[in-house]
Amino acid sequence: MTRRSRLLTTATAGVTAALLLAGCGGGDGDKSDSNDKITGADTGASASTSASPSASASAVTGGRPKITLPSDMTLTFEGGQTGDAVKDAVLADGAERARAEDAAITGTDPKGEGLAYYNTGKALEATLSWVAQFKKANVTITGVVRYYDRKVTLKSKTSAILTFCGDESKGFSKNKKTNKINKTPVTKDSYVSYNTRLDKNSDGVWQTSQIISIRGAAQCQP
């Protein structure tokens, strides 16, 4: 779900795991960062399906799912108001998608209801696979991730492109068993460029259908 995304390393039971934070797992399978994986965890949709949250849109009743994050995980989104109601709706639902992915990873949404609500198609498949890898490695995430330079291009009444940058310099992985936080140095790869497609469904929700991420992109460097 490329929310999606910093490359991190942590030791879990003596095994080094390479982790990608917040959303980089989602993608169309063609252009997302293929080198980002959790060592020792299965990758690919077929391997992760059984371990993934049971993300069922039908499980969400009474409107939008309530997404919460643990107290040690904070996401900030800059530029949420453009003056255009449609673009603002795209920005809002894009932000909720990132929050839903982190809620699934950190365990505050164990059934993955938010994932199915704000993702569809290839993006949903990739995001479920990504969340399952964290679960298998027994690792979660903590810290602060900032999303900025968010821009919306409306392609039609029901289709939009949302691009943005992610600053993961203050986001880290954490071992679930020991609660040890793996703090890593800030590099150019702490900054990620995202290009996402969102499609408006029959309920009026802008669901992310494709995600492409580029780690260390020049346009996102401070």
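The values are calculated or read from the model by the stated rules, or taken from the named source; none is laboratory data. Predicted model, so just to flag it, every value in this text is computed and none were measured. Glycine also receives a Cβ, built like all others from the backbone with ideal geometry; neighbour counts cover every protein chain displayed. Note: accessible area is taken over every heavy atom of the protein model, side chains too, but ligands, DNA and RNA are not part of it. Shrake-Rupley method; radii C 1.70, N 1.55, O 1.52, S 1.80 Å.
At 1.4 Å probe radius, can you tell me the per residue accessible area of segment 83-192 in Å²?
Result: 42 Å² of accessible area for each residue.
Given +1 on the Cβ of Lys and Arg, -1 on the Cβ of Asp and Glu, and no further charges, what dipole in debye does segment 109-161 carry about its Cα centre, rounded to the nearest 20?
The calculation lands at about 180 debye.
Below 8 Å between Cα atoms, with a sequence gap of 6+, how large is the relative contact order for segment 144-201 in percent?
Result for segment 144-201 is 38 percent.
Rounding to the nearest 20 debye, state how big the charge dipole of segment 69-222 is about its Cα centre with +1 on each Lys and Arg Cβ and -1 on each Asp and Glu Cβ.
It comes to approximately 500 debye.
For each pair in Lys87/Lys188; Lys87/Lys136; Lys111/Lys188; Lys157/Lys188; Lys136/Lys183; Lys122/Lys151, compute the distance between the two Cα atoms and list the pairs where it is over 25 Å.
Lys87/Lys188; Lys87/Lys136; Lys111/Lys188; Lys157/Lys188
Would you work out which of Thr127, Ser173, Val152 lies farthest towards the positive end of the dipole of segment 106-222? Charges go on Cβ: Lys and Arg +1, Asp and Glu -1.
Ser173
Net charge near Thr82, counting Lys/Arg +1 and Asp/Glu -1 over other residues with Cβ under 11 Å of its Cβ?
+1
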